[in-house]
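Please treat every number below as a calculation from the coordinates, not as lab data. In this text the structure is predicted, and so the values were computed from the model without any measurement. A quick note on method: Cβ atoms are made from the backbone with ideal geometry, for glycine too, and the neighbour counts reach across all protein chains shown.
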Amino acid sequence: MLRIDSHPILEFAKGRKITFLFEGKTVEGYEGEPIAAALHAAGIKVLRHSPKLGRPRGFFCAIGKCSSCLMEVDGVPNVFSCITPVREGMQVRRQAGRGRLKAQ
């Protein structure tokens, strides 16, 4: 497990344990933690690939200022997974390219 459970200065309050889907596979997380943190704790470090060169991108700034963690969440592209809280049953996918909106 790659989750920080204790720290000498900071306290980490955990919500209840929940499950969500990442590319069709069940992943556990804690309610309220960022999607990227839950994925990282589950050993999933590549969150997307750069649109132009296809290079892997992961958890980088963790404050929603870069584009390294953009993912598709419940069919919506360009979601900052580093600042979006995980929810029970949500569906998360790596985003292809710059992301495309699905026709309604």
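Quick rundown of the values:
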{"read-out": "Length gained when the stretch Glu28-Phe60 is fully extended (0.36 nm per residue, less Cα-Cα span)", "value": "9.4 nm"}
{"read-out": "Karplus 3J(HN,Hα) series, Hz, for the stretch 50-55 with 6.51 cos²θ - 1.76 cosθ + 1.60 (x for Gly, Pro)", "value": "4, x, 7, 9, x, 7"}
{"read-out": "Fluctuation leader among Ile44, Ile63, Ile18 - the chain, Gaussian network, Cα springs under 10 angstrom", "value": "Ile63"}
{"read-out": "Gyration tensor (Cα) of the stretch 1-46, equivalent ellipsoid semi-axes in angstrom", "value": "20, 12, 7"}
{"read-out": "Distant-in-sequence amide H partners of Cys82 (H built 1.01 Å from N, under 5 Å)", "value": "Ala36"}
{"read-out": "Karplus (6.51, -1.76, 1.60) ³J(HN,Hα), θ = phi - 60°, over the stretch 33-49, in Hz, Gly and Pro reported as x", "value": "6, x, 3, 4, 5, 5, 5, 4, 4, 8, x, 9, 9, 8, 8, 6, 10"}
{"read-out": "Residues whose placed amide H lies under 5 Å from that of Gly32, excluding near-sequence neighbours", "value": "Val86"}
{"read-out": "For the stretch 69-80, Karplus couplings with θ = phi - 60° (6.51, -1.76, 1.60), whole Hz, Gly/Pro x", "value": "10, 4, 9, 9, 10, 6, x, 9, x, 6, 8, 6"}
{"read-out": "In the stretch 1-57, the GluC sites (Glu not before Pro) that fall in loop regions by DSSP, at most 15 other Cβ within 10 Å", "value": "Glu11, Glu23, Glu31"}
{"read-out": "Per-residue Cβ neighbour rank within 10 angstrom, fewest leading, Met71, Met90", "value": "Met90, Met71"}
{"read-out": "Relative intensity, log₁₀ I(q)/I(0), of the chain from a Debye sum that treats every alpha carbon as a point, q = 0.21 Å⁻¹", "value": "-1.10"}
{"read-out": "Nonlocal Lys pairs with alpha-carbon distance under 23 Å, the stretch 17-94 (8 or more apart, or different chains)", "value": "5"}
{"read-out": "Sequence-distant residues sharing a close amide H with Gly58 (under 5 Å, placed H)", "value": "Leu47"}
